[in-house]
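K.L.:
Okay, here's the structure, questions in a sec.
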Amino acid sequence: MTDFHKAGQRDGQPSCNHHPTTTWLPGDTIADRYTIPIEADARPGEYTLLIGMYVGDQRLEVYTADGQPLGNQLALTKLQVEK
């Protein structure tokens, strides 16, 4: 059974608002660091860390290098939440 309960979330502009996407060029690599607070009522268990990009409140589609669609988010890794 898949449980879509969220343990935490962080939204923000790239590089603490110092490198907006309007300045990005094709081929740029942008490194960004986020701390994601875990909600007090988060259930213990394994979670998938997902990332996505937005324009306004619309989530953008993610594509492979050869143009194949992957959806509107990308899974980075699995995390374990313990109580």
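K.L.:
Suppose the chain between residue 76 and residue 60 were pulled fully straight at 0.36 nm per residue; how much longer would it get relative to their current alpha carbon spacing?
P.N.:
4.1 nm
K.L.:
Magnitude of the Cβ-charge dipole of the chain, K/R +1 and D/E -1, about the Cα centre, nearest 20 debye?
P.N.:
So the magnitude is around 160 debye.
K.L.:
A follow-up question, please. Report the GluC sites (Glu not before Pro) located in segment 21-83 that are in a DSSP loop and have at most 15 other Cβ atoms inside 10 Å of their Cβ, or state none.
P.N.:
39, 61, 82
K.L.:
Can you give the calculated 222 nm mean residue ellipticity of the chain, where each DSSP H run of n ≥ 4 adds -39,500 (n - 2.57) and the sum is split over every residue, rounded to the nearest 500 deg cm²/dmol?
P.N.:
Dividing the helical sum by the residues of the chain leaves -500 deg cm²/dmol.
K.L.:
How long are the three semi-axes of the equivalent ellipsoid of the chain, in whole Å, if each is the root of 5 times an eigenvalue of the C-alpha gyration tensor, listed from largest down?
P.N.:
26, 17, 11
Taken together, the values in this text are just the output of simple stated rules run on the coordinates, not laboratory data. From a predicted model like this one, the values you see are computed outputs, not experimental measurements. Virtual Cβ from ideal backbone geometry, glycine too; neighbours counted across all protein chains shown.
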